[in-house]
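The values are calculated or read from the model by the stated rules, or taken from the named source; none is laboratory data. All values derive from a computational prediction rather than experimental measurement. Cβ atoms come from the backbone with ideal geometry, glycine included; neighbour counts cover every protein chain shown. Heads up: the accessible areas ignore ligands, DNA and RNA and are worked out on the full protein's heavy atoms, side chains in. Shrake-Rupley method; radii C 1.70, N 1.55, O 1.52, S 1.80 Å.
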Amino acid sequence: MTSVVQSAVTDVEGDGEVVLRAVDIAKNYGVTRALRGVNFEVRRGKVITLFGENGAGKSTLMKILAGIEQPSGGHLRLDGTVVELASSRQAVDLGISIIHQELSLCPNLSVRDNIFLGRELRNRRGEIDYAREDEVTRQLMARLEEPIKPGTLVADLRLGQQQIVEIARALATEARILIMDEPTSALSTSEVQVLFKVIHELTAQGVAIVYISHHLEEAIAIADHAVVFRDGELVASADAREIDLPWVVAAMVGRDAEYDFSGEPRNVGDVRLSVEDVKVVDPDGSGRLTVNGVSLQVRAGEIVCLYGLMGAGRTELMEALAGREPIAAGRVLLDGADLTGLSIAERIDRGLGLVPEDRQRDGLVQLMSVGQNLSLASLLSTVKGWFVSRKLERANVEAQIADVHIKTAGPQAPITSLSGGNQQKVVVGKMLLTGPKVLLLDEPTRGIDVGAKGEIFSLIFREAHKGLAVLYVTSEIGEALSASHRIVVMTKGRIVREFDPATVTREDVMAASGESEPDAGAHPIGAAQ
């Protein structure tokens, strides 16, 4: 096994000429040093995968390679020539395109208009050629095996489909260097397989791929070469054939740091949340049931994982429980009291809170500070007389920053200055400040690294020990097995199986969700409902 190489220079072996080289790249944001003299190579027809915790500098380097940010020091060489990328448009013109970690789509525009925004196709008269754009969009969607029509508004798409549009927009540039920053964070297993097929096609055509993902096993599988960032420096480099998961984790965090809460003691109390035959209708007007007769219970101190593929109805269920979507039939009870018909604010007041799937769109207010985001949902609890007690609000915020271990310059720091993992801690901390009895979390670790995942689940298990009932959604089988007391599998709007993570196998859960064929030796503890 290759040991961690303490080196600031990548040494990519094998075929593929160097098409892009970063030389001694540094990036400072005030007194913060995001990158410290990084040397990095991208080779033709190869996939180089970047690993590192949130805040390690990966995305910052990618933004520099894509012309979005300019370095504080060092330079870039494209085909051996020094280049200064003043804008992302200039980078695209030179054949460098990026798929962003956080979606950069315009929700009020169609899929077609998002794909060609700023680079519209025109006919001989100089007019936008919508017919040709429609045809190219259909071809891209067919290539990605996603039945999305060109005229569909992006706002009407689920998060995974929006991610597909982001990928299609990058593919439309026909780049020779394609940067993929967390391209699969919102994709289902089948969608990931399609993307990997496209990546293999691109590299066969000579396209260089730079790939970032916190899904470590997936990233290892697609890589030709791997490098690891830590604290703004490139600290390890190896051929992908010579590495494994423990090597990556040790290089990322400087120690073995896989999280596993399967041995945590269980202290389960009375039923807190009871979902009784709940049905939710798709808001698209088709009348289709996205949630079809779901019943489940979550007890005080219990952590229940709702596992399933994209489109299984998990998010629709969570949003209906939280009051974001109407319930067509059934009841939602909290400590025996019916919440059906109550608003989101009323449910929060009763003790039910949701951490949404899309933290950027639904969990955070981008123009507010860290402290303002943290106190937003619990602000009424700080009102004294007719006014908000700023002293009490500040005390609550500062205590929560320390309690949830948010790495920030302080309560006044912009929320955008935080890494993805710390932004997620803010969203979780915001709901914990409301004093919930039941906490709903929809993909709570989407787009964050293994270290931050461990911290998030440590926080969740700590609160469960105090009596909090937790229901969370995940599409990562490893999370379901290592960070829950009970696994409930959902598919096609229904709960189909229930398992004990202490005795079930990965294959059992995947088979129940429809990802693989059933294992003849499976021993589920529950039955289909």
- Query: Within segment 469-486, can you find the residues that are open to solvent by 10 Å² or more (accessible area, probe 1.4 Å) and either closer than 12 Å to L441 by Cβ or not aliphatic (A, V, I, L, M) (or both)?
  - Reply: S475, E476, G478, S482, H485, R486
- Message: On the basis of being closer than 22 Å to V450 by Cβ, out of contact with any helix residue (DSSP H, G or I) (no Cβ under 7 Å at 6 or more places or on another chain) and not in a helix (DSSP H, G or I), does L234 make the cut?
- Response: yes
- Close pairs (8 angstrom Cβ cut-off, 6 or more residues apart or separate chains): open to solvent by less than 10 Å² (accessible area, probe 1.4 Å) and in a strand (DSSP E or B) in segment 440-454, modelled with pLDDT of 80 or more and polar (S, T, N, Q) anywhere: D442/T315
- Taking segment 417-439 as the search range and keeping residues that are open to solvent by 20 Å² or more (accessible area, probe 1.4 Å) and among the basic types (K, R), which one is modelled with the lowest pLDDT? K430
- So which pairs qualify, if the first residue must be in segment 402-425 and in a loop (DSSP other than H, G, I, E, B), the second must be of a type in the set (D, E, K, R), the Cβ gap must be under 6 Å, and the two must be at least 6 apart or on different chains? I406/K425
- Note down all Cβ pairs under 8 Å where the first residue falls in segment 35-56 and is under 20 Å from R77 (Cα atoms) and without any contact (Cβ under 8 Å) to a residue 60 or more places away in the chain, the second is part of a strand (DSSP E or B) and open to solvent by less than 30 Å² (accessible area, probe 1.4 Å), and they're at least six residues apart or on different chains. E41/L20; E41/A22; E41/I48
- Task: Any chance you could count how many residues in segment 304-321 are open to solvent by 10 Å² or more (accessible area, probe 1.4 Å), out of contact with any Gly (no Cβ under 9 Å at 6 or more places or on another chain) and under 14 Å from V489 (Cβ atoms)?
- Result: 0
- In segment 215-231, what count of residues is obtained for those that are in contact with a Lys or Arg (Cβ under 8 Å, 6 or more places away or on another chain) and closer than 18 Å to E182 by Cα? 3
- Restricting attention to segment 382-419, and to residues there that are of a type in the set (S, T, Y) and touching a Leu at 6+ places or on another chain (Cβ under 8 Å), which single residue is nearest to G353 (Cα to Cα)? T382
- Query: For segment 82-101, does any single residue satisfy the condition of being buried (at least 17 other Cβ atoms within 10 Å of the Cβ) and acidic (D, E)?
  - Reply: no
- Query: Out of all the residues in segment 143-197, which are open to solvent by 20 Å² or more (accessible area, probe 1.4 Å) and part of a strand (DSSP E or B)?
  - Reply: L153
- Item | Identity of the residue in segment 322-335, in a strand (DSSP E or B) and not small (G, A, S), that ends up most open to solvent (accessible area, probe 1.4 Å) | R331
